[in-house]
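*Asks:* I'd like to ask you about the structure that follows.
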């Protein structure tokens, strides 16, 4: 991989964001609304639930982490869709860049795009709700890393779908994360799920991330093997995502959908 | 760089979009690809760019099958412009040229952008967002992007479609002058017969994925006893239709 090419691809999205104040506001607005909504719900539960009574902000911290995953994945999808919307798709695919460089640039830019929205929202949660996601400590970085890899994977699978089925796959892009959310056990322990669904849920990194987050906040214990397990599962999905993207690209060349793809 | 197309075919759902196409383009020559809508011009260009995988046949560039050449190396000496492909609308002309210049690994990018801005008369709107430009301006920007890497092979798909006669003439004059100053092999797909007559050294006429005639404009016109390429084209296309 050549870093100057990856940088050029990232630059396209940096220009896009920096050229437009409404775009920056949009990036910050939704995570902030989400944090306030879950902040009030969280406050209500901590006052009225035994499970949450010994710690403030478990729900809000879960909301912040889930929003990070959501933003990474949606950022990845949007950046790819931007190329289709602007009819720039063909130009990109005939430029001397490798698919791996394209994936790397989207992966790198997605994290920055997500942090632009999430950092202000996470900081606002401290004075408004007395909840700091940073209370998780150093394990927070590992949990975010796992979510980041999984978010990118979901982005890869959706963009592979866009390559395979064209812009009509766009609706799936928006729905992809909501589909997995119930199995991710973001706001509740995995035991709530029926046994059969628990087996599926345990195959997702989300369950391990959010179980561990609750473990840290409620019991003050960090289980690094559990966090490591979530990262490994995320990486396995990532490898699957990359392979699927390559397959979709190869299929798109056979079907001729790479030329003149646009809205 | 020379191009040889040998028995190139592409089938979509068992229907031939391009059927057993063979032709040569000598180094630094301009060849026009003529044909009605859906005759396989864009599919042929797509295969040459590596965007579409041929069902069979070979594309040979400078005596090498493109399947054996490093794709990125090949793409760095090629480029493409089409009115159906645009640059990001929310980015300024300057930003778009910077990004593509970097992607193509252009050395001394600043002076290359200045050169193109000067040559293609982009100065007045170089800092404007690409989406805010008129179609004539967008067309020139798209041409600038396609020349950013000083390509040795340039593929142009209807470069003057939907342009007013004045802008169309400007683009044609520029391509003519660019060709005279640079070593470049051009494949020009067009519906504009006068444009093809003016710019191309030879012409390939296609219909339903097949070549139905090829040669210089004069040769083709003479063969069919007509006075210009447009009349010749209509005669060929219609008579084949009647036969079919």
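*Asks:* List pairs: first residue in the range B:84-107 and more than 7 Å from chain A (Cβ to nearest Cβ), second residue surrounded by fewer than 20 Cβ atoms within 10 Å (Cβ to Cβ) anywhere in the structure, Cβ distance under 6 angstrom, at least six positions apart or on different chains.
*Replies:* Short answer, once both residue conditions are applied: B:92/B:127; B:92/B:129; B:93/B:126; B:94/B:126; B:94/B:127; B:101/B:109; B:106/B:112.
*Asks:* Pairs under 6 Å by beta carbon, first residue without any contact (Cβ under 8 Å) to a residue 40 or more places away in the chain in the range B:6-32, partner assigned to a strand (DSSP E or B), six or more apart or different chains?
*Replies:* Correct list of pairs: B:24/B:4.
*Asks:* Go through (1) out of contact with any helix residue (DSSP H, G or I) (no Cβ under 8 Å at 6 or more places or on another chain); (2) within 13 Å of chain B (Cβ to nearest Cβ); (3) surrounded by fewer than 22 Cβ atoms within 10 Å (Cβ to Cβ) and name the single condition residue A:48 misses.
*Replies:* The one condition residue A:48 does not meet is (2).
*Asks:* Residue check, residue B:154 against (1) in contact with a strand residue (DSSP E or B) (Cβ under 6 Å, 6 or more places away or on another chain); (2) over 17 Å from residue B:95 (Cβ atoms); (3) part of a loop (DSSP other than H, G, I, E, B), all met but one. Which one?
*Replies:* (3)
*Asks:* Is there a residue in the range B:108-129 that is at the interface with chain A (Cβ under 8 Å from one of its Cβ atoms), modelled with pLDDT of 90 or more and over 19 Å from residue B:175 (Cα atoms)? Walk me through it before giving the result.
*Replies:* Pass one, the range B:108-129, residues at the interface with chain A (Cβ under 8 Å from one of its Cβ atoms): B:129.
Right, trim to modelled with pLDDT of 90 or more and you get B:129.
Now drop any that are not over 19 Å from residue B:175 (Cα atoms), which leaves B:129.
Checking the range B:108-129: at least one residue is at the interface with chain A (Cβ under 8 Å from one of its Cβ atoms), modelled with pLDDT of 90 or more and over 19 Å from residue B:175 (Cα atoms).
To keep it simple, each residue is scored yes or no on (1) farther than 18 Å from residue B:199 by Cβ; (2) surrounded by 20 or more Cβ atoms within 10 Å (Cβ to Cβ).
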| residue | (1), (2) |
| --- | --- |
| B:23 | no, no |
| B:28 | no, no |
| B:33 | no, yes |
| B:36 | yes, no |
| B:39 | yes, yes |
| B:45 | no, yes |
| B:51 | yes, yes |
| B:54 | yes, yes |
| B:59 | yes, yes |
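*Asks:* Condition first: under 29 Å from residue B:236 (Cβ atoms), out of contact with any strand residue (DSSP E or B) (no Cβ under 7 Å at 6 or more places or on another chain) and away from chain A (no Cβ under 14 Å). Now tell me which residues in the range B:20-79 satisfy that.
*Replies:* The one that is under 29 Å from residue B:236 (Cβ atoms), out of contact with any strand residue (DSSP E or B) (no Cβ under 7 Å at 6 or more places or on another chain) and away from chain A (no Cβ under 14 Å): B:26.
*Asks:* Please specify each residue of the range A:117-132 satisfying the condition of being within 30 Å of residue A:9 (Cβ to Cβ) and crowded, with 18+ Cβ neighbours inside 10 Å.
*Replies:* A:117, A:118, A:121, A:122
*Asks:* Could you look through the range A:133-146, keep only residues that are over 15 Å from residue A:71 (Cβ atoms) and at pLDDT below 90, and pick out the one that is surrounded by the most Cβ atoms within 10 Å (Cβ to Cβ)?
*Replies:* A:136
*Asks:* Scan the range A:5-28 residue by residue and report those that are over 16 Å from residue B:91 (Cβ atoms) and either touching a helix residue (DSSP H, G or I) at 6+ places or on another chain (Cβ under 8 Å) or surrounded by 15 or more Cβ atoms within 10 Å (Cβ to Cβ) (or both).
*Replies:* Scanning the range A:5-28 gives A:5, A:6, A:27, A:28.
*Asks:* Let me ask something additional. Given the conditions (1) at pLDDT 90 or above; (2) in contact with a helix residue (DSSP H, G or I) (Cβ under 6 Å, 6 or more places away or on another chain); (3) within 14 Å of another protein chain (Cβ to nearest Cβ), which single one is not true for residue A:241?
*Replies:* The number of the failed condition is (3).
*Asks:* Within the range A:2-14, is there a residue that is under 19 Å from residue A:127 (Cα atoms) and more than 10 Å from chain B (Cβ to nearest Cβ)?
*Replies:* Scanning the range A:2-14 turns up no residue that is under 19 Å from residue A:127 (Cα atoms) and more than 10 Å from chain B (Cβ to nearest Cβ).
*Asks:* When you go through A:227, A:149, A:172 one by one, which is the residue that is buried (at least 17 other Cβ atoms within 10 Å of the Cβ) and within 30 Å of residue A:84 (Cα to Cα)?
*Replies:* A:149
*Asks:* Looking at the structure I just gave you, is residue A:126 touching a strand residue (DSSP E or B) at 6+ places or on another chain (Cβ under 7 Å) and either within 13 Å of another protein chain (Cβ to nearest Cβ) or over 23 Å from residue A:1 (Cα atoms) (or both)?
*Replies:* No: the conditions fail for residue A:126.
*Asks:* Under 22 Å from the mean Cα position of the chain (by Cα) and not in a helix (DSSP H, G or I): does that describe residue A:186?
*Replies:* Yes.
The values are calculated or read from the model by the stated rules, or taken from the named source; none is laboratory data. Because the structure is a prediction, the values reported are computed rather than measured. FYI the Cβ positions are ideal-geometry reconstructions off the backbone, even for glycines, and counts take in every protein chain you see.
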